[in-house]
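A quick write-up on the structure given underneath.
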Amino acid sequence: MQIKPILSALRRHKAGTILIALQIALTLAIVCNALFIVHERVEHVSRVTGMDESNVVAIQNRYVGTPESYIPLVKTDVQALRSMPGVEDAYVTNAFPLRQGGWSTGIQLKPDGQKEGVSSALYFGDEHTLKTLGVKLIAGRNFTSNEIVSINRDDRPAPPQVIVTKILADKLFPDGDALGKTIYYSKGRPSTIIGIVAKLTVPWTDWEYPDNVTIMPLTFNSSYQIFLVRAKAGQQDAVYKSVADTLYGVNRMRVLPENFGVRTFEMVRARAYEKDRGMAILMSIVCGVLLAITAAGIVGLSSFWVGQRRKQIGVRRALGARRSDILGYFMTENFLIALAGVVVGVILAVGLSQWMFTHFEMRRLSFTYVIVGVVVLLGLGQAAVFAPALKASKVSPVEATRSV
Amino acid sequence: MFGYYVELALRSLRRSRALTALMVLAVALGIGASMTTLTVLHVLSGDPLPGRSGSVFMPRLDPRDLDGYDASAALPTQVTWADGMNLLRAGRAHRQALMVGGATAVQSDDASLDPFFVPARFTTADFFPMFGVPFRYGNAWSNGDDEGRARVAVISDALNDRLFHGGDSVGRTLHIDGVDLRIVGVLAPWRVVPHFYDLSTGDYATTEQVYVPLRTARDLRLKRNGGVECWGSGSADEDGMETASCVWLQFWVQLDDAGAVAAYRTFLDGYVHEQVARGRFLRPARSELPDVMQYLDERRVVPGDVRLQVWLALGFFVVCLVNTVGLMLAKFMRRAGEVGVRRAMGASRRSIFLQLLTEAVAIGVAGGVGGLLVALAGLALVRQQPSAAAHLAHLDATMLATTFAVSIAATALAGVVPAWRACRIPPALQLKSQ
């Protein structure tokens, strides 16, 4: 295919050529950054919590009134939940994965550590916690019922026994011998690692250390309590519907907030990631519409060019050019314009990514997405120009003789 | 003449329906997307106290110890009980209020209504006049009630509906957390966006439903919430909050003119220096007095995602416009013959240019209408999102007018180059080749 004649023809359509190239460049810059955002959000949303998430129901409860201690109320409630039909196990805690609110502290290896320490989220629980969450204990043992103690609002949580996640254990003791070691959640108060679980994530979706979790054998003496319930297989809906009545049946002096008082874990997950999901959907729609508009623009302008050059096409056909030559001409022409567009587009895309990196604390664009974007836009250009080019190839050689 | 241009434009637009539809659609989508995101941004970054925000200020000082001292770090946004009370008692501003958020369990006389929790605010009396809070019934408590720890409360319109079916409940009793308070006022619907006076309870938190005098609430040990920052031996033990080395209260003042602001700055600076001299403050003396909007700017309350979406939509709009320029160019150049004939018949370049521009503007008007529909649909979608303040996203008159103005201006601008090119077509060449 002769490229020189194409270039000299394009020189006569500077404005149109520049506009198509510019449009392709801008589309590429926006689309590959948008797709990258989609990728990041999807990656975020699909992170696992380490729990067996099916059949778990979470209840946020607040007691009304100011009794001497909330612990007896809590114990009664947990007993009532465990004896509910369809319930496999239940426990009371201060936070759970994806809840978007919880406690964290720094762990020290020495009793009087001055350094920042290793950050960890804190989950309170008891000997039923591991079974209710469905997390796997990979070393050591579970809590026993006589290890569970209560803690007041102004106490620092630092029980003698703790269970930690594998990742946290390895961070504290890189040699992999964390089990049985002593660590400090509060100055001078030792805690022994009695168990290690495979994986469990923190309550927040955007925390720096998503896998640093400690489970403590504590019950929080507070009016705020969270109950987690594991339903027997197939019983989740029944438990979800009846659990509020069960609790109100025990004691009416409580509030289960309307929107998030009782939630299945699917609801918790959907709520935690709804912003990410919304952003991913929005970005996908924008990409789709942008590509469609760019394709339509190419079709429009190419059709116009074909219409404008009918006579020249006729002359070429009359001089012996085959249909495929004409088709090839327009396809190549578009390819050259698109190529110029993507070259500029790649520069714009990288610039845009750099700008978003500084202004929105986002990761830098991965080059795969630039390549994907380039391929998509070149392909789009070829697909869009195909119909007008086909029409051009059908111009009869007779056109050359008309209207002269 | 203009009528004739419009007629020509409409005729021409009708002739190539697909192309026209494509241009209108592109403009509509671009405009609609931009307006949707801009409206959301506008709502989220709006002025929470229109007409007042310039005279409401947050005195900031630094009572912390030297641990982790960084001279360039921002000052705390809250105050200790001691400083709050000192500044409140000094009374150097026109109005001043010391406050903290809370959550209270409300019980109804109606036994069929289960107790429920509502957000509460424990504050001194100036809160209401300073922030221009509207009352439906009754009014705020007095400074005397603050000092006297009166058992009074103001409730929101929504809570009044829920407990008293919207009637005038002034003088009736409110049961919260096991104590009884006399209702002295019921607010008219009131919402500040963002929730500037206490961002620690959520940037876009809803306004509170129960208001209780600060000292009364502390006496009754009503449940407090919000951010607490402690240092040294400070602990978050609830009973010791008044003496703890923790900042946990918000303090706002109203200063009506530049003189008052300058005087208050001097006073605040003097107060900080005095505290440093007495050894209560350990850090070098530093104070600030931002107004509401300065404070919100500093805290960057608008979510990053929202700003990102605005940029994305604007980028999208630019692509749509470039697309429209290209299509218009094609369309106008295709009519070279017609333009040639008109030129030969005596039409000036100017009139050709204006006629083609009229056509561009016609597309702009149609695009504006389409964009409005897209924006309305987009905002309806945004309101479905349960995220904070999303339900506040409504198109107001300004945004509506802006949608049209931008659409018409943008398409007219897009039409300039193609129209310019078309009107420069030499008439003779076109006529010859016919």
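Okay, here's what the table says:
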item	result
Two-site FRET efficiency, A:D112 against B:H94, from Cβ-Cβ distance with R₀ of 35 Å, rounded to 0.05	0.10
Between 0 and 90°, nearest 10: helix B:2-15 axis offset from chain B longest Cα axis	80 degrees
Label-point separation, A:K75 to A:R323 (7 Å along Cα→Cβ), nm	9.0 nm
Positive-end residue, chain A charge dipole about Cα centroid, Cβ charges, pick of A:S83, A:A25, A:S69	A:A25
Efficiency of FRET between A:V375 and B:D70 - r from beta-carbon atoms, R0 41 angstrom, step 0.05	0.25
If the convex hull is drawn through the Cα atoms of the range B:53-299, its volume per residue in Å³	122 Å³
Chain A - Rg (one decimal) and Dmax (whole number), Cα, Å	32.4, 104
Cβ-derived FRET efficiency at R0 45 Å, B:R11 paired with B:H273, nearest 0.05	0.05
Cα-based helix-to-principal-axis angle, B:258-277 vs chain B, degrees rounded to 10	50 degrees
Bridge type composition, chain A - antiparallel percent by DSSP, nearest 5	75 percent
Cysteines in the protein assembly as shown lacking a second Cys C-beta under 4.7 Å	A:C32, A:C287, B:C320, B:C423
Cα coordinate range in the range A:65-252, projected on the principal axes (Å, largest first)	49, 38, 33
Helix-only mean residue ellipticity at 222 nm for the protein assembly as shown, each DSSP H run of n ≥ 4 adding -39500 (n - 2.57), per residue, nearest 500	-16000 deg cm²/dmol
Using alpha-carbon coordinates, inclination of helix B:81-90 to the longest axis of chain B, degrees	80 degrees
Counting all C-alpha pairs of the protein assembly as shown, share separated by more than 48 Å (%)	39 percent
Cut-off 16 Å, label 7 Å out along Cα→Cβ of A:A238, residues of the range A:61-79 by amide N	none
Alpha-carbon Rg/Rh ratio, for the range A:342-404, with Rh computed the Kirkwood way	1.36
Convex hull per residue volume in Å³, alpha carbons only, for the range A:263-362	137 Å³
Extension reserve of the B:T398-B:S245 stretch, reckoned as 0.36 nm per residue once the Cα distance is removed	50.3 nm
Whichever aspartates and glutamates have a C-alpha closer than 14 Å to that of A:K136, once near sequence neighbours (fewer than 8 apart) are set aside	A:D52, A:E53, A:E127
DSSP bridge pairs, the protein assembly as shown: antiparallel proportion in percent, nearest 5	75 percent
Total charge dipole magnitude, chain A, about the Cα centre, Cβ charges on Lys, Arg, Asp, Glu only, Debye to nearest 20	2360 debye
Rough spin-label spacing in nm, given labels placed 7 Å along Cα→Cβ, for B:H175 and A:R12	9.1 nm
For the range A:65-252, share of DSSP beta bridges that run antiparallel, in % to the nearest 5	65 percent
Model label zone, A:W103; criterion: amide N under 17 Å from point 7 Å along Cα-to-beta-carbon; scope the range A:198-216	A:202-204, A:212-216
Debye, to nearest 20: dipole size of the protein assembly as shown, +1 on Lys, Arg Cβ, -1 on Asp, Glu Cβ	5680 debye
Gain in span if fully extended, B:A377 to B:M1, counting 0.36 nm per residue against the direct Cα distance	131.6 nm
Scaled radius of gyration (Cα, divided by 2.2 N^0.38 Å) that the range B:202-256 gives	1.32
Rough spin-label spacing in nm, given labels placed 7 Å along Cα→Cβ, for A:K131 and A:I281	3.9 nm
Pairs of alpha carbons in chain B whose separation is greater than 34 Å (percent)	51 percent
Size of charge dipole - the range A:65-252 - debye, nearest 20, with Cβ of Lys, Arg +1 and Asp, Glu -1, no other charges	140 debye
Residue-span extension gain [A:D170 to A:S366] - 0.36 nm each, minus C-alpha spacing	67.6 nm
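Read the figures in this text as sums done on the coordinates, not as results from a lab. Just so you know, these numbers come straight off a predicted model, no measurement behind them. Reconstructed Cβ throughout: ideal geometry from the backbone, glycine too, with neighbour counts over all protein chains shown.
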